[in-house]
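Notes follow once the structure below has been shown.
The values are calculated or read from the model by the stated rules, or taken from the named source; none is laboratory data. A quick note: this is a predicted structure, and the numbers were derived from the prediction, not measured. All Cβ positions, glycine included, derive from the backbone under ideal geometry; neighbour counts span all protein chains shown. The protein model used for the area step is the full one, side chains on, heavy atoms only, and it has no ligands, DNA or RNA in it. Shrake-Rupley method; radii C 1.70, N 1.55, O 1.52, S 1.80 Å.
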Amino acid sequence: MDVGYAILMFCFALALVLYGVLLMTTKNISLIPQAEKAKIKDKKTYAKQFGKAVALLALAPATSGLIWLTGAVRRSVVFLVLGFLVCVWEGTEMMSKVQD
């Protein structure tokens, strides 16, 4: 069984989790590209919430890699796309609470 896709997805998920943890621990707004374009009242809270949203986004590739290992190749790719859409939607909802 080919595991290259699964390994790539796990590495991508790990990178997203590490970035999210870095944002949550440092609360440094300068780690977010183009953060100056958003209207942010509390920069530390915004960075922490953005880190949570990024960590949430890591669920899509991690789960897709696990599904790939079961042999369901098409389902894995479909879940990756749908998972990203759902995670971006939820992340946007999380971030809207901080911006208002």
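Brief remarks follow.
- Out of G71, G91, G83, sole residue that is at pLDDT 90 or above and of a type in the set (G, A, S): G83
- Within the stretch 8-58, the set of residues being part of a loop (DSSP other than H, G, I, E, B) and small (G, A, S) comprises A38, A58.
- Residues of the stretch 70-100 that are part of a loop (DSSP other than H, G, I, E, B) and not charged (D, E, K, R): T70, G71, A72.
- Tabulated pairs, the stretch 6-19, first farther than 16 Å from G83 by Cβ, second open to solvent by less than 80 Å² (accessible area, probe 1.4 Å), C-beta under 6 angstrom, 6+ apart or interchain: Y19/V54
- Test for Y5: is it in contact with a Phe, Trp or Tyr (Cβ under 7 Å, 6 or more places away or on another chain), among the aromatic types (F, W, Y) and more than 18 Å from S96 (Cβ to Cβ): yes
- Just one residue in the set K97, K48 is surrounded by 15 or more Cβ atoms within 10 Å (Cβ to Cβ) and over 10 Å from the mean Cα position of the chain (by Cα); that residue is K48.
- Within the stretch 42-100, the residues that satisfy the criterion of being among the hydroxyl-bearing types (S, T, Y), farther than 29 Å from I29 by Cβ and free of Cβ contacts under 8 Å to residues at least 24 places away in the same chain are T63, T70.
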